[in-house]
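Enquirer: Quick one: structure below, then a few questions.
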Amino acid sequence: MLKEVKFTDWKSFESTSLFIDPLTVVIGLNASGKSNALDALEFLQRTARGMDFATALGGDQKVAQVRGGAEWAARIGTKQFTLEVLVEGPEAGTEYHYGLTLDTSEVHCVLLNEFLHLRRLDDVGAIQTSEMLFVTRYRENLTSEGEGPVMLRLQIDGEKRSTGTHVRRSSSVLSQLFLTSLVNEHSEFGQAIRTVVNALQNVFILDPAPSRMRSYVPLAENLLSDGSNVAGVLAALGDAEREQVRRSFEQYLSQLAERDALHVWAEPIGKFKKDAMLYCRESWVAGQAPLEIDARSMSDGTLRFVAILTALMIRPRGSLLVIEEVDNGLHPSRARLLLEMLKKVAAERGLDVLVTTHNVALLDALGADLLPFVLAVHRDPKTGASLLTPVQDLRELPRLLAVAPLGRTAAQGLLEQSLARESEEPRS
């Protein structure tokens, strides 16, 4: 699993880290930089899938552009950015440190440096050793497409090598090595490449769009990031998976509506049973027959809730599920239900969840046990760069929480003022 993402000159960030826990809550004002952090996760996921940098940033007919594209990927006043990640290793006390630096000054965005290290940690998490697994060395003669010979220094099973293999500078070396025979021929090196690639590929950013969830859709294996094909995914599940999803829907969706009888399901339709639709059974008056409707009549909040719960139930173990504005369309009284679902289902299925929110009720519902996992995105008053500050690190937090819980503290602007004061007066 991903443990940390570090941004250097990425968009509005100068140098800061996003720490990832089983449930991470990211808060912040509009234009503070929350979406910029999620854009980095999206970009890294795309590069790990083998997408070239130009497409990963600028998009094409199949994938949307990362906001601003390559032109605004590097912080204003710079032409390069670096993204680094820490990934949990397969053995206790190990982790992988991976990073890449790109130059956006040319027509085609090109790689300047990329590396992968294996770290061994002691009992308290301090680094004991760091072994280089690969690092790039480039020559200057590039083509107009940003291609050119790449010198790779590899350390495979303890043996250091140098190779002049022609690796493209227009896409990540990590994704290219993933497709070579080195991954299968050398156990430790191959395991490292596979672990980091899988961790990045398993980042999934969900931003459900209820207006797109109301139509008939083809059966599908993979959920789209806007949740538009949730009916096709649910209808295509095998019997065992469908039963697990049914139980989770029964447990959580029944508490979502005003009455306690709410059942949502999807089923194949049409002559060839290749398309699907979402359906809902509601009961509002005791003694009357339940009312069945399809997705065209379902509320936005219910559809978003269905998409979130579906993603929690079908993402592979070890994934990072990122949900933008997780509470959008949800009644404040259901904030605790949402938190309970996120924590319990994610823990049962071995997922990490990162959410962004502005919801006062949801922040108030977090409680003391989740405060260590709340990160505030805000601007440095001196430089304008975005910062990521763990809320529990605020010196004034005990005083603020003595007046009001976190949500109301944020809504009144007190949290923002405290962050600004501590940014101007750094700790000695």
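The values are calculated or read from the model by the stated rules, or taken from the named source; none is laboratory data. It should be emphasised that the depicted structure is a prediction, and the values quoted were computed from it without experimental measurement. Neighbour counts are summed over all protein chains in view; Cβ atoms, including those assigned to glycine, are modelled from backbone coordinates with ideal geometry. Remember, those area values only see protein heavy atoms, side chains included, never the ligands or the DNA or RNA. Shrake-Rupley method; radii C 1.70, N 1.55, O 1.52, S 1.80 Å.
Enquirer: Could you pull out the trypsin sites (Lys or Arg not before Pro) across region 321-385 that fall in loop regions by DSSP (anything but H, G, I, E, B) with no more than 14 other Cβ atoms inside 10 Å?
Expert: The qualifying sites are Lys382.
Enquirer: With a cut-off of 13 Å, note down the residues of region 214-248 whose backbone N falls inside the zone around a label point 7 Å from the Cα of Glu348 toward its beta carbon.
Expert: 241-248
Enquirer: Now for a separate question. Separation between the Glu221 and Glu241 pseudo-spin-labels, each 7 Å from Cα along Cα→Cβ, expressed in nm?
Expert: 0.9 nm
Enquirer: Short version: ³J(HN,Hα) in whole Hz for each residue of region 54-70, in order, from phi by Karplus 6.51 cos²θ - 1.76 cosθ + 1.60 (θ = phi - 60°), x for Gly and Pro, what are they?
Expert: So the J values, rounded to whole Hz, are 4, 6, 4, 8, x, x, 7, 5, 9, 10, 6, 5, 5, 3, x, x, 5.
Enquirer: For region 361-428, with all protein chains present and a 1.4 Å probe, just round the carbon and sulfur fraction of the accessible area to a whole percent.
Expert: With neighbouring chains kept in place, the figure for region 361-428 is 53 percent.
Enquirer: Under a straight-distance cross-link criterion of Cα-Cα below 13 Å, which aspartates and glutamates are reachable from Lys344, leaving out those fewer than 8 residues away in the same chain?
Expert: Cross-link targets: Asp352.
Enquirer: Right, another one. Mean separation of Cα pairs under 8 Å and 6+ residues apart, divided by the residue count of region 215-297: what relative contact order is that in percent?
Expert: 27 percent
Enquirer: Order Trp10, Trp265 by their accessible area, 1.4 angstrom probe, all chains in place, largest first.
Expert: Per-residue accessible area, sorted high to low, gives Trp265, Trp10.
Enquirer: Can you give the local net charge around Ile308? Use residues other than it whose beta-carbon is closer than 14 angstrom to its beta-carbon, Lys and Arg +1, Asp and Glu -1. Kindly include the intermediate steps, with their values, before the conclusion.
Expert: Values: positive: Arg304, Arg315, Arg334, Lys343, Lys344, Arg349; negative: Asp207, Asp226, Asp300, Glu324, Glu325, Asp327, Glu340.
Here the count lands on -1.
Enquirer: Run lengths n ≥ 4 of DSSP H only: what is the helix-derived mean residue ellipticity at 222 nm for the chain, with -39500 (n - 2.57) per run over all residues, to the nearest 500?
Expert: Numbers: 13 runs with 124 residues, N = 428.
Result for the chain: -8500 deg cm²/dmol, rounded to the nearest 500.
Enquirer: Right, here's the next one. Please list, in order along region 16-22, the HN-Hα scalar couplings obtained from phi with the Karplus expression 6.51 cos²θ - 1.76 cosθ + 1.60 (θ = phi - 60°), rounded to whole Hz, x for Gly and Pro.
Expert: Result, ordered by residue: 7, 10, 9, 8, 10, 10, x Hz.
Enquirer: Taking H as built 1.01 Å from N, whose amide H comes closer than 5 Å to the amide H of Phe115, not counting residues under 5 places away?
Expert: The answer is Gly99.
Enquirer: Take the solvent-accessible surface of the protein heavy atoms, probe 1.4 Å, and return the percent of it on region 1-113 that carbon and sulfur atoms account for.
Expert: Answer for region 1-113: carbon and sulfur cover 48 percent of the accessible area.
Enquirer: With a 10 Å radius around each residue's Cβ, average the other Cβ atoms per peptide and rank 311-322, 62-73, highest first.
Expert: Descending packing order for the listed peptides: 311-322, 62-73.
Enquirer: With Cα extents along the principal axes in Å defined as stated, name the option among (i) 67, 64, 60; (ii) 61, 56, 42; (iii) 77, 62, 44 computed from the structure displayed.
Expert: (iii)
Enquirer: Of the peptides 20-30, 268-278, how do they stack up when ordered by the mean number of other Cβ atoms within 10 Å, highest first? Please list the in-between numbers first.
Expert: On the way: 20-30: 19.4, 268-278: 15.2.
Descending packing order for the listed peptides: 20-30, 268-278.
Enquirer: Just to confirm the number: angle between the C-alpha axis of helix 239-252 and the first principal axis of the chain, 0 to 90 degrees, nearest 10?
Expert: The two axes meet at around 70 degrees.
Enquirer: Can you give me the long-range amide H partners of Arg67? Hydrogens built in the peptide plane at 1.01 Å from N, cutoff under 5 Å, separation of 5 or more residues or another chain.
Expert: Under 5 Å from the amide H of Arg67: no residue qualifies.
Enquirer: Pop out the carbon and sulfur fraction of the accessible area of region 215-297 as a percent, whole number, probe 1.4 Å. List each step's numbers first, then the result.
Expert: On the way: 2390 of 4900 Å².
Ligands and nucleic acids excluded, carbon and sulfur give 49 percent.
Enquirer: Turning to a different aspect of this structure: With the other protein chains left in place, how much accessible area per residue, in square angstrom, belongs to the chain at a 1.4 angstrom probe?
Expert: It amounts to 47 Å² per residue over the chain.
Enquirer: Hey, what do the phi angles of region 188-203 turn into as Karplus ³J(HN,Hα) couplings, whole Hz, using 6.51/-1.76/1.60 and θ = phi - 60°, x for Gly and Pro?
Expert: 5, 5, x, 4, 4, 4, 4, 4, 5, 4, 5, 4, 6, 5, 8, 7
Enquirer: How high is the relative contact order of the chain, in percent, counting Cα pairs under 8 Å that sit 6 or more residues apart?
Expert: Dividing the mean separation by the residue count of the chain yields 15 percent.
Enquirer: Another one. Net charge within 12 Å of Lys6 by Cβ-Cβ distance, Lys/Arg positive one each and Asp/Glu negative one each, not counting Lys6 itself?
Expert: Surrounding charge for Lys6 is -3.
Enquirer: Between Ser105 and Gln128, with labels modelled 7 Å along Cα→Cβ, what's the label distance in nm to one decimal, could you check?
Expert: 4.3 nm
Enquirer: Treating cross-link reach as a plain straight distance, find the aspartates and glutamates whose alpha-carbon is under 18 Å from the alpha-carbon of Lys11, omitting any fewer than eight places away in the same chain.
Expert: Candidates past the 8-residue exclusion: Asp39, Glu42, Glu71, Glu84, Asp103, Glu106, Asp380.
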